[in-house]
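Here the structure comes first, spelled out in structure tokens, and everything after it is commentary.
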Amino acid sequence: MKKKRTKPQKRSKAKVSPDTSIKDPARRSFLARSGKWLVGVAVLGGAAGFGVSAVRATAREQDLSRVGQGIPTVVQIHDPSCSLCTALQKEARRALKGIDPDTMNYVVANVKTEEGREFANRHRQPHVTLMLMDPDGEPVQILNGPQDGDDLRVLFEAHADAYR
């Protein structure tokens, strides 16, 4: 006896109400593009905020008027095109991480600027130099050449403690 084949019954598709789906492909495409656009704006906004913060920090770091204002200060005579200066700056910043900025200033005398060049000439110091200065802005100790961050940390802490 032959088996009788039955046709599969058609299933009815569930009807979706128009207000719960986006049927218009143009609208769907717009929403997809809008999401990407919003992400892009958020990323650019974050980058701009970081950039502004970095510029402010650099401007504060290069403000030589902070020397001699009642707080001991470390001044780096710095040439931004010098790899030794850049390495020294990195080590100095690393050494300063745990030190309270209210107890000691870190200032960069950039020899590419008029003010930085005048500062270096007035103290007769070449670039790749750290000058530890008392609260009145008088040099106490001068370190020439590359330095290790751990050694600098010990020196900086002692320098800040001497004036507390």
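The values are calculated or read from the model by the stated rules, or taken from the named source; none is laboratory data. This one's a predicted model, so the numbers in the text were calculated from it and none came from an experiment. Please note: Cβ atoms are built from the backbone with ideal geometry, for glycine as well, and neighbour counts cover all protein chains shown. The area values use the complete protein model at the heavy-atom level, side chains included, leaving out ligands, DNA and RNA. Shrake-Rupley method; radii C 1.70, N 1.55, O 1.52, S 1.80 Å.
Express in nm, to one decimal, how much length is gained between Arg60 and Lys90 on full extension, taking 0.36 nm for each residue of separation and deducting their alpha carbon distance.
Numbers: separation 30, 0.36 × 30 = 10.80 nm, distance 1.66 nm.
Contour length minus Cα-Cα distance gives 9.1 nm.
Site pair Glu114 and Glu157 shows an inter-label distance of 4.2 nm when each label is modelled 7 Å from Cα along Cα→Cβ.
Please calculate how many Å² of accessible area region 63-107 carries per residue, with a 1.4 Å probe and no DNA, RNA or ligand atoms counted.
Heavy-atom SASA per residue in region 63-107 reads 45 Å².
Placing pseudo-labels 7 Å out from each Cα toward the beta carbon at Arg124 and Asn144 gives an inter-label distance of 1.1 nm.
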